1. Could you check Gly145 against (1) of a type in the set (Gly, Ala, Ser); (2) part of a helix (DSSP H, G or I); (3) surrounded by fewer than 21 Cβ atoms within 10 Å (Cβ to Cβ) and say which number it fails?
2. Within region 197-205, is there a residue that is among the small types (Gly, Ala, Ser) and within 30 Å of Ala155 (Cβ to Cβ)?
3. From Leu153, Leu165, grab the single residue that is assigned to a helix (DSSP H, G or I), modelled with pLDDT under 75, of a type in the set (A, V, I, L, M) and crowded, with 18+ Cβ neighbours inside 10 Å.
4. For Gly129, are the conditions met, namely being touching a helix residue (DSSP H, G or I) at 6+ places or on another chain (Cβ under 8 Å) and part of a helix (DSSP H, G or I)?
5. Looking at region 169-184 only, could you name the residues that are at pLDDT 70 or above, of a type in the set (S, T, N, Q) and surrounded by 17 or more Cβ atoms within 10 Å (Cβ to Cβ)?
6. Going residue by residue through region 40-60, is there one that turns out to be of a type in the set (Ser, Thr, Tyr) and at pLDDT 85 or above?
7. Among the residues of region 43-62, is there at least one that is in a helix (DSSP H, G or I), hydroxyl-bearing (Ser, Thr, Tyr) and under 30 Å from Ala149 (Cβ atoms)?
8. With Ala123, Ala131 as the choices, which residue is on the phi < 0 side of the Ramachandran plot, more than 23 Å from the chain's Cα centre (by Cα), among the small types (Gly, Ala, Ser) and buried (at least 21 other Cβ atoms within 10 Å of the Cβ)?
Amino acid sequence: VLGLYFGILLALGLYNLMVWLVTKDRNFLRYILFMLGNAMLQLNLFGILHYIVLYQAPLLMEASRTVIPALGFCAFISFSRHFLRLDVYCRWADWAFRGMFWASIGLIPAYLVWGNQLTIYAATLLGQGLAILAIPAGVMSLRRGFRPARFYLLAQGLFFFGGTLFVLTTLNCLPANNFNLYGFQFGAVCETLLIAFSLADQINIMQRERNRAQSDAIGAKETMLAALRATEKQLEARVQERTLQLEVALQLQRQQAEALQSTNGQLTNLNAEKNFILGIAAHDLKNPTSMIINF
């Protein structure tokens, strides 16, 4: 069961690592860190990490009982805050997760001061608080329109259910069968798979929004081109109309020039005729006038 559990985590981790390398979406990187923290928490819980890696380092073995849960809580908080967009959809849950993040960090110096006797109980309470807080945070994000939160909610519900079965079994409140003993792993695997589905759903939503934005951009561009074509036709019509008006004005100006030239020619002829008549009259009046003057 544990081999299958860690095999699923490894496969999902490698898959999401490849997706992160392609999409560069930091949520996948946070999800990988969350799965790594979950796997380390399980290894620490069942003593596998101590038996394989830390069996010759008793100090590290003791420290891992506090440090690994603290780091796992930090990874879970970081993923939940950014994936659910709590800074947008649920501010109070975002501040609560921030406070729990620093409380998780505080477990490490608390271990250095008081040891595991206090920090293990504090880590248990903190883990239960995170499991409980994640559900209303997901509900608020889902109510505000964030559709991938439905997978997150289902994942946290199954994880909380499996963890509750494991705790009640260890407290001898439930019979110690395989389902109850491995309920925590069952819930964790379901949580991991469902959160992977929620990430895929988020990518699909982002892709649809991107396609819709591209379609809107194409539609806006086509509308703009149609408006430009209509404006161009209007400008061409106005240019043709203005050109026709200019041609009419030029033709009228040409006619007026020809009329002025004709009138000028007529005036020149009349002036010459007037001078001719006045010359004749002056010549005819000269001799009689001179005789009168002599008399």
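1. (2)
2. Checking region 197-205: at least one residue is among the small types (Gly, Ala, Ser) and within 30 Å of Ala155 (Cβ to Cβ).
3. Leu165
4. Against the criterion (touching a helix residue (DSSP H, G or I) at 6+ places or on another chain (Cβ under 8 Å) and part of a helix (DSSP H, G or I)), Gly129 qualifies.
5. The answer is Thr169, and nothing else.
6. no
7. No, that holds for no residue.
8. Matching residue, one of Ala123, Ala131: Ala123.
The values are calculated or read from the model by the stated rules, or taken from the named source; none is laboratory data. As the structure is a prediction and not an experimental result, all values here were calculated from the model. A quick note on method: Cβ atoms are made from the backbone with ideal geometry, for glycine too, and the neighbour counts reach across all protein chains shown. Side chains included, ligands, DNA and RNA excluded: accessible areas come from the protein's heavy atoms. Shrake-Rupley method; radii C 1.70, N 1.55, O 1.52, S 1.80 Å.
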